[in-house]
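The structure under discussion appears below in the form of structure tokens.
The values are calculated or read from the model by the stated rules, or taken from the named source; none is laboratory data. Every value quoted in this text rests on a predicted model; they were computed, and no experiment measured them. A quick note on method: Cβ atoms are made from the backbone with ideal geometry, for glycine too, and the neighbour counts reach across all protein chains shown. Quick note on the areas: whole protein, heavy atoms, side chains included, nothing else; ligands and nucleic acids left out. Shrake-Rupley method; radii C 1.70, N 1.55, O 1.52, S 1.80 Å.
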Amino acid sequence: MKNLKIKNILYFFIMASIVVSSLSSCSTDDNDSASFVSPVINSVSKAEEGDLTPTNVGYANNMYVIKGAGFTSIEKIYFNDTDTYFNPTLVTDTAIFVNIDQNTPYENASSELKIVTAGGTVIYPFVIAPPGPQMLRGFNPVNAADGDEITIYGNFFLDPVVTFGAIQAEVVSNTLTEIVVKAPAGSNHQYITVTTISGSVASTYAVGTAIYDDDWYNGWTVEAWNNQVYETNDAAAQGRTYFKKNMGGWDNVQGNWGWDDQIADYAGIRMSLKVPEGSKIKLVFNGNWSDDTAPIITLTSEWKEYYFTWADLLNAGHVQNISFQEFTGNGGEYYFDNFGFILK
């Protein structure tokens, strides 16, 4: 969302008053007679530098200019039936500067701007749009087949359109925080995009690229003797299930042994990790514990997605094992989620 460019808000209000005065210069000669005429709304524009561009869509916590007539005796302004504060010094008979309240609803709302004056009430079609859509926990399952249902996790999913690459998907159901779609034909290795009235957001990984999302695939796993703990809740980096281990200094998490050399479509591997701030962990790839060039990852207390190309992993031509070693000597509770391949 574009911010106002005016740096000083007091300066803005002064300039707004001047603009309001100029907008109303032709109609303020007889305010007494205009005070009780029925109000009229001609246009609504976002209050920003440059030419005012009329719009029928607004965003909470932004200022707009309402142009029309009969505003002198204004009593109330409502956006989606929400009583909205206005500064009377920024009101003339033909223009109002008003900030849309940040708590104005945008779902299941009237999509109306209503102005009440001593002369009557005017209603104007005006949509309050949500912020841009967000993918907060990606989608699951990642390795879905065509026709399978996939759940997308995030926020601000108001009337979404979902595409897999350029292919539009059928939306089975949606709320503001979850969308269930059917993977369309040709969905494999496609990125998922959610589009609403407020913009678009795309997944950071593609369908069919998971090693672990909420489940392990193709025989990969972490053996139970590692004493890791799986948890299922909304705190996951991806989907709803992740695992953690309380590791002592220089302790490790060892993956099982496998073999996958069908990696021509991929540029490397990815994973999501978090730990106590500043902790470090060593990625031990393909069981090479003595590799002194292995990635040493400095982690944060929030989930972060990490990417490693085959060049970072000794130009590996296959995936055989993914393990980790605590690398501070201090230990701590380490969290793991969202293992997969990076699509070229």
Practice problem: Check whether at least one residue in the range 276-287 is acidic (D, E), open to solvent by 10 Å² or more (accessible area, probe 1.4 Å), more than 21 Å from T204 (Cβ to Cβ) and assigned to a loop (DSSP other than H, G, I, E, B), and report yes or no. | Solution: yes
Quiz prompt | Among residues of the range 311-342, those that are open to solvent by less than 30 Å² (accessible area, probe 1.4 Å) and either part of a strand (DSSP E or B) or more than 19 Å from G287 (Cβ to Cβ) (or both), counted | solution = 14
Quiz item: Residue check: is T209 touching a residue at least 40 places away in the same chain (Cβ under 8 Å), among the polar types (S, T, N, Q) and under 18 Å from H318 (Cβ atoms)?
Solution: yes
Quiz prompt | Selection within the range 281-297 - among the β-branched types (V, I, T) and farther than 17 Å from K245 by Cα | solution = T293, I296
Exercise. Look at the range 51-84 and say how many of its residues are open to solvent by 30 Å² or more (accessible area, probe 1.4 Å), out of contact with any helix residue (DSSP H, G or I) (no Cβ under 8 Å at 6 or more places or on another chain), assigned to a loop (DSSP other than H, G, I, E, B) and not aliphatic (A, V, I, L, M).
Key: 6
Quiz item: Where in the range 85-158 are the strands (runs of 3 or more DSSP E), entirely inside, with at least 1 residues that are closer than 22 Å to Q238 by Cβ and modelled with pLDDT of 95 or more?
Solution: 134-140, 149-155
Quiz prompt | the range 240-261 - residue that is among the polar types (S, T, N, Q) and crowded, with 16+ Cβ neighbours inside 10 Å and, of those, nearest to Q325 (Cα to Cα) | solution = N252
Quiz item: Any idea which of A264, A237 is hydrophobic (A, V, I, L, M, F, W, C), more than 17 Å from N321 (Cα to Cα), part of a loop (DSSP other than H, G, I, E, B) and in contact (Cβ under 8 Å) with a residue 40 or more places away in the chain?
Solution: A237
Exercise. Please work out if V201 is open to solvent by 20 Å² or more (accessible area, probe 1.4 Å), closer than 30 Å to Y106 by Cα, part of a strand (DSSP E or B) and among the hydrophobic types (A, V, I, L, M, F, W, C).
Key: yes
Quiz item: Limited to the range 159-185, what total is found for residues that are part of a loop (DSSP other than H, G, I, E, B), open to solvent by less than 40 Å² (accessible area, probe 1.4 Å) and in contact (Cβ under 8 Å) with a residue 24 or more places away in the chain?
Solution: 5
Self-check item: Criterion: touching a Pro at 6+ places or on another chain (Cβ under 7 Å) and among the hydroxyl-bearing types (S, T, Y) - qualifying residue of S301, S279, S272, S290
Solution: S301
